[in-house]
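Q: Attaching a single structure in structure tokens format; questions to follow.
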Amino acid sequence: AAAAKPLPAYAGWKSPDALIVHSSSTLETRRSAFGTSVITPSNQLYVRNNLPAPDAAILDNRDAWTVAIEGVKSPRSLTLAELKTLGVETVATVLQCSGNGRGFFPSKPSGTPWSVGAAGCVVWSGVPLRNVVAALGGLADGAAYLTGTGGEKLPEGVDPLTVLVERSVPVKAMDDALLAWEMNGEPLSLAHGGPLRLVVPGYQGVNNIKYVKRVAFTSAQSQARIMSHGYRMSPPGSKASPDQPSVWEMGVKSWINGPLPDKGALKPGQVQVHGVAFGGTRGIKSVEVSADGGKTWLAAKLIGPDLGPFAWRQFALPVRLEAGTHVLASRATDTAGNVQAEQREENLGGYNNASWRDHAVTVTVA
Ligand code: MSS
């Protein structure tokens, strides 16, 4: 087998055993590393960067970092030190790349072939964005989108709009959004967007802008390519275009993290089938588990603490497995009654895969 790629320097503090290094800008958590403790430890959390991460020097004086707030009655720049005076809130969210599960598309869309590990559940601390807006006189007229801009240095000689990481989400997302400086109880690392990140709970990863330099309430969506053409639900065979749906709110999804086939055959007897389930902005009502590839389902138990609607819930079900081959699947229902779909929605970019069938695991008992 080829030697595992080393961790890139900016993520060198991560646990190599827990991660699959696809490239220097795409690290995936191993399915077997998720465990059952709800929170994903920072050193096991996936990383996805569309541009090279900024120089670590941007963390030298965190409190001096500035973010420009536009599209409010009194627009201006605020330092991180000033933001910290406006309020503090803590929220647990699922951070998931919109391409998580792309590896299950038989069409092999271009992009990282993530399995389940471009996701984690983490705790953020920061100031509620609505507090910042209130401090600046409220929203200006015509605000339809919340637009966040990343603080990367852009490569020279190219049209900035083709590389800029700038995303717009519907302005209603402001109610839950945070400008976060802490993750899992530590100052936010460079890999995850330190010193300051726009966190949009319940929305796909790409909308959670790292090293955020500008937050603007705009009447139109960003013209950056990553917004206009990237991260769209483009039908197979089509060309990406701004009129196709963007990857915004996450749908209801779950998957099994154990038992997994990677340790070889299991012994006959009882196993605890366990995994995670989340419902975007809506939270989880229930999870069912099947040990026969989806023919019959049993209600699993939600275990561990409920960290709110944006976090994932752990589930477990004791199942007796006799000798043979078993297809283990999970299917979640969110609090609005949406049931996780059996099939993925085919699309060019391999986004939003929540298919329970794709996420099923086959184990052998002998
Ligand atoms: N931000 C910025 N600034 N830059 C970049 O690149 N990316 C995205 C987000 N944000 C970016 C940003 C993506 S795309 C994702 S997923 C996320 O981020 C990730 O995160 P982490 O922390 O994990 O790395 Mo897909 O949908």
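Q: Tell me, what is the percent relative contact order of the stretch 122-270, built from C-alpha pairs under 8 Å that lie six or more residues apart? All intermediate terms of the calculation are to be shown ahead of the outcome.
A: Values: 257 pairs, mean separation 38.4, N = 149.
Relative contact order here is 26 percent.
Q: While we're looking at this one, here's another question. Just to be sure I understand the model, the point goes 7 Å from the Cα along the line to the Cβ. What's the resulting residue 186 to residue 77 distance in nm?
A: Simple spin-label model gives 2.9 nm for this pair.
Q: Suppose we keep just the alpha-carbon trace of the chain; what are its Rg and Dmax in angstrom?
A: Here Rg and the maximum Cα pair distance are 20.7, 68 Å.
Q: Next question. Restricting to DSSP H runs of at least four residues, report the calculated mean residue ellipticity at 222 nm for the chain, -39500 (n - 2.57) per run over all residues, nearest 500 deg cm²/dmol.
A: Computed mean residue ellipticity for the chain: -1000 deg cm²/dmol.
Q: Same structure again: Put a dot 7 Å past each Cα toward the Cβ at residue 296 and residue 357; how far apart are the dots in nm?
A: So the label points at residue 357 and residue 296 sit 2.1 nm apart.
Q: Suppose the chain between residue 343 and residue 163 were pulled fully straight at 0.36 nm per residue; how much longer would it get relative to their current alpha carbon spacing?
A: Full extension from residue 343 to residue 163 adds 61.5 nm.
Q: Using the Cα atoms as the points, what is the convex hull volume per residue of the stretch 222-308 in Å³?
A: 196 Å³
Q: Name the most mobile residue of 70, 322, 166, meaning the one with the largest mean-square fluctuation, in a Gaussian network model of the chain with Cα contacts below 10 Å.
A: Maximum fluctuation in the GNM of the chain, among the listed residues, is at 322.
Q: Can I ask one more? How compact is the stretch 1-132 by the rule of thumb for globular proteins, expressed as Cα Rg over 2.2 N^0.38 Å?
A: Values: Rg = 17.9 Å, N = 132, 2.2 N^0.38 = 14.1 Å.
With N residues counted in the stretch 1-132, Rg over 2.2 N^0.38 Å equals 1.27.
Q: Among 44, 204, 270, which one shows the highest mean-square fluctuation when the chain is modelled as a Gaussian network with alpha-carbon springs under 10 Å?
A: Judging by the Gaussian network model, the answer is 270.
Q: May I pose another question? For the stretch 280-366, what is the convex hull volume of its Cα atoms per residue in Å³? Present the calculation step by step, with values, prior to reporting the outcome.
A: Values: hull volume 9.8 nm³, N = 87.
Output value, Cα hull per residue: 113 Å³.
Q: Quick one: check the C-alpha center-to-center distance for the stretch 90-158 versus the stretch 6-32, whole angstrom.
A: Going from one Cα centre to the other spans 20 Å.
Q: Could you give the length gained by full extension between residue 335 and residue 156, i.e. 0.36 nm per residue of separation minus their alpha carbon distance, to one decimal place?
A: Contour length minus the Cα-Cα distance gives 59.7 nm.
Q: For the chain, what relative contact order do you get, as a whole percent, if you take Cα pairs closer than 8 Å and at least 6 residues apart? Spell out each step's value before the answer.
A: Working: 945 pairs, mean separation 60.0, N = 366.
Over the chain, the number comes to 16 percent.
Q: Additional query: Extent of the stretch 70-118 along each principal axis, from alpha carbon coordinates, in Å, largest to smallest?
A: 50, 24, 16
Q: Once you wrap a convex hull around the alpha carbon atoms of the stretch 1-79, what is its projected area averaged over all directions, in nm²?
A: Projected area, direction-averaged: 8.1 nm².
Q: Run the simple label-point estimate for residue 84 and residue 141 please: 7 Å along Cα→C-beta, distance reported in nm.
A: 3.9 nm
Q: Share of antiparallel DSSP beta bridges in the chain, in percent to the nearest 5?
A: Of the beta bridges lying entirely in the chain, close to 95 percent run antiparallel.
Q: Right, next: How high is the relative contact order of the stretch 176-222? Use alpha-carbon pairs under 8 Å, at least six apart in sequence, and give a whole percent.
A: This gives 31 percent for the stretch 176-222.
Q: Give 108/253; 14/213; 108/239; 84/213; 172/213 a once-over and call out the pairs whose C-alpha atoms are over 24 Å from each other.
A: Details: 108/253 21 Å; 14/213 26 Å; 108/239 16 Å; 84/213 16 Å; 172/213 21 Å.
Violating the 24 Å Cα-Cα cut-off are 14/213.
Q: Now, a different point. Would you please classify the overall shape of the stretch 292-343 from the alpha carbon gyration tensor, given that a ≥ b ≥ c denote the square roots of the eigenvalues, rounded means a/c under 1.5, and beyond that prolate means a/b larger than b/c while oblate covers the rest? It would help to have the intermediate numbers written out before the result.
A: On the way: a/c = 2.99, a/b = 1.58, b/c = 1.90.
In terms of gyration-tensor shape, oblate.
Since every read-out is calculated from the coordinates, none of them should be taken as a lab result. Everything numeric in this text was worked out from a predicted model, so none of it was measured. Cβ: placed from backbone, ideal geometry, glycine included. Neighbour counts: every protein chain shown.
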